[in-house]
Amino acid sequence: MHEGKGRSGTLLLVDDEPLPLGMLRATLVAEGFHTLSAESGAEALALLDLHAHEIDCVLTDLYMPGVSGMDVLMYARERWPEVSVVVLTGHADVQTAVSAIRAGAYDYLVKPVDTGDALATVIRRAIEHHRLLSRNRYLEQRLDVSERFGGLIGNCRPMRQVYASVSHVASTEATVLVLGESGTGKELVARSIHEQSPRAGRAFVAINCGALTETLLESELFGHERGAFTGAIARRHGLFEEASGGTLFLDEVGELSAATQVRLLRVLQERHVRPVGSNRSIPIDVRVIAATNRNLEEEVAARRFREDLYYRLNVVAVELPPLRARGDDVLLLAHHFLAKHSARHQKPVTGITPGALELLTGHDWPGNVRELENAIERAVILNHGVQVTIDALPLSLRQSSSPPLGALPNESLVEARARFERRYLMDALRANSGNLSSAAKQAGMDRSNFRRLLKRYGVAAAVSGPSQPGHPAMEDDSSSD
């Protein structure tokens, strides 16, 4: 039987008792879900065979004659592992529900089911979990055919716009300014432009303008004559000469000193370079690509960056989106880095558990792609199995992301309990404005045991420190423990 408009997802409801089945169906249809219903386990298996491609979640009673709810769970897990299964059990059978969770159920509900907001919340989380796993499976398959530009990987709309810009500008001689936060892959964009340009067979030379002192940077860029300064014991060719016929990439160009900005502007205007300490000019044939994580318009307005140099560099701008704005690219990149570093470190890690996936997609990645690669490489090195688990991810990532409290497939009972306890401790502290004694009292624990749990799960570091919205400073209202 089909009901609902499917605004929120499609459910398969399974119960051999018509009255509770009808109540569940009416409640969930009112919440906007599309439902299919089965009055026996055997009917549920038949509906799964027919409609598994459109079912997001199965909500099934455990105890039914013939084909039981556990049979439905195992059938679904074996054939369609991305489909979330929530089981229904009586008060006296919680241990059976725990066994179902260990067998792969997403969560369980105790009968009679509360048909209020709690039910809809559990179902929505289960559906979102299903969609996350489905996207992950699709992206694993998509990785080998994803669009790649010089090592760039991504399928989101902002990245497709980057690819289009790279393709349009590569065949020209225009100077390009690559903009984006630190860690977004600006050098990869520069290399991609070079590799698709007529200069591809010549040198690609890169330098970080913020890594050297003014004197050393000018010597690196323009070269120097013997005796030009202390330590200049021989003539040195600069990077503009070394990149002749090719491309010079000036990373972090916003860090240039005022004097170096003047010299760089002259080189770009005259297409000649004068080594430090020399009276002669050397003609150059170099394409310049610059990059910065600064807002150069603001730097110009503040008179920290020359306006004329800004316009010389900003003939064509390519702006890279931050990772937090790239949606499913997080999973696509995670699988790419997993394959890369598993091979590099000779570790047989081939997948990522659902719990770890939820942490990856829930993090805002302030360090962008560089931070993600670092997290995956660390996980590959520290992981003990064939799938990356929550515990293998960096502590900072585990503290900043809070996955749903529902149990997760492929997660042990110990892992699920630890994740719940850590989230409970954080919520208790926040609810009591960081007051340790009040939070311990609310939890029904003595203060020393509560504090010991905080240390075990690293919660003190997550909620202490400078106060900010959602992270109150932990007030230690007693000087002793």
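Key figures for this structure:
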quantity: Answer from L320, L313, L357 - the residue that is under 14 Å from the mean Cα position of the chain (by Cα) and surrounded by 22 or more Cβ atoms within 10 Å (Cβ to Cβ); calculated: L357
quantity: Qualifying residue in the range 29-36 (condition: closer than 26 Å to R102 by Cα and not in a strand (DSSP E or B)); calculated: no
quantity: Count - residues of the range 437-468 that are at pLDDT below 60, out of contact with any strand residue (DSSP E or B) (no Cβ under 9 Å at 6 or more places or on another chain) and either assigned to a loop (DSSP other than H, G, I, E, B) or surrounded by 15 or more Cβ atoms within 10 Å (Cβ to Cβ) (or both); calculated: 3
quantity: Within the range 233-266, considering residues that are acidic (D, E) and outside any helix (DSSP H, G or I), the one surrounded by the most Cβ atoms within 10 Å (Cβ to Cβ); calculated: D251
quantity: Residue match in the range 53-63 (condition: under 16 Å from V87 (Cα atoms) and either surrounded by fewer than 18 Cβ atoms within 10 Å (Cβ to Cβ) or not assigned by TED's automatic domain parsing to the domain that holds V122 (or both)); calculated: yes
quantity: Where G245 falls short, out of the listed (1) in contact with a strand residue (DSSP E or B) (Cβ under 8 Å, 6 or more places away or on another chain); (2) farther than 15 Å from T215 by Cα; (3) in contact (Cβ under 8 Å) with a residue 40 or more places away in the chain; calculated: (1)
quantity: Unique match (being modelled with pLDDT of 90 or more and not hydroxyl-bearing (S, T, Y)) among A418, A407, A375, A356; calculated: A375
quantity: Counted residues, the range 267-306 - those being under 43 Å from the mean Cα position of the chain (by Cα) and in a loop (DSSP other than H, G, I, E, B); calculated: 12
quantity: Residue within the range 194-204 that is modelled with pLDDT of 95 or more and in a strand (DSSP E or B) present; calculated: yes
quantity: Number of the exception - R77 against (1) basic (K, R); (2) closer than 26 Å to V330 by Cβ; (3) touching a helix residue (DSSP H, G or I) at 6+ places or on another chain (Cβ under 9 Å); calculated: (3)
quantity: Count - residues of the range 160-178 that are in contact with a helix residue (DSSP H, G or I) (Cβ under 8 Å, 6 or more places away or on another chain) and either in the same structural domain as E371 (by TED's automatic domain parsing) or not in a helix (DSSP H, G or I) (or both); calculated: 4
quantity: Counted residues, the range 105-152 - those being within 29 Å of E195 (Cβ to Cβ) and either in contact with an Asp or Glu (Cβ under 6 Å, 6 or more places away or on another chain) or modelled with pLDDT under 80 (or both); calculated: 14
quantity: Among the candidates L24, L45, residue that is in a helix (DSSP H, G or I) and at pLDDT below 90; calculated: L24
quantity: Subset of the range 2-21 [modelled with pLDDT under 90 and either in a helix (DSSP H, G or I) or of a type in the set (A, V, I, L, M, F, W, C) (or both)]; calculated: P18, L19, P20, L21
quantity: Residue within the range 57-76 that is free of Cβ contacts under 8 Å to residues at least 12 places away in the same chain and out of contact with any Gly (no Cβ under 9 Å at 6 or more places or on another chain) present; calculated: no
quantity: Residues being more than 11 Å from G183 (Cα to Cα), touching a helix residue (DSSP H, G or I) at 6+ places or on another chain (Cβ under 6 Å), part of a helix (DSSP H, G or I) and among the charged types (D, E, K, R) - total across the range 360-380; calculated: 1
quantity: Search result, residues across the range 189-206 that are farther than 20 Å from E241 by Cβ and crowded, with 19+ Cβ neighbours inside 10 Å; calculated: V189, R191, S192, I193
quantity: Verdict on A174 being surrounded by fewer than 18 Cβ atoms within 10 Å (Cβ to Cβ), among the hydrophobic types (A, V, I, L, M, F, W, C) and either within 28 Å of D364 (Cα to Cα) or under 29 Å from the mean Cα position of the chain (by Cα) (or both); calculated: no
quantity: Selection count, the range 279-335, where residues are touching a helix residue (DSSP H, G or I) at 6+ places or on another chain (Cβ under 7 Å) and hydroxyl-bearing (S, T, Y); calculated: 2
quantity: Matching residues, the range 346-375, being closer than 25 Å to Y106 by Cα and of a type in the set (A, V, I, L, M); calculated: V349, I352, A356, L357, L359, L360
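The values are calculated or read from the model by the stated rules, or taken from the named source; none is laboratory data. Just so you know, these numbers come straight off a predicted model, no measurement behind them. Every residue, glycine among them, receives a Cβ derived from its backbone with ideal geometry; neighbour counts consider all protein chains shown.
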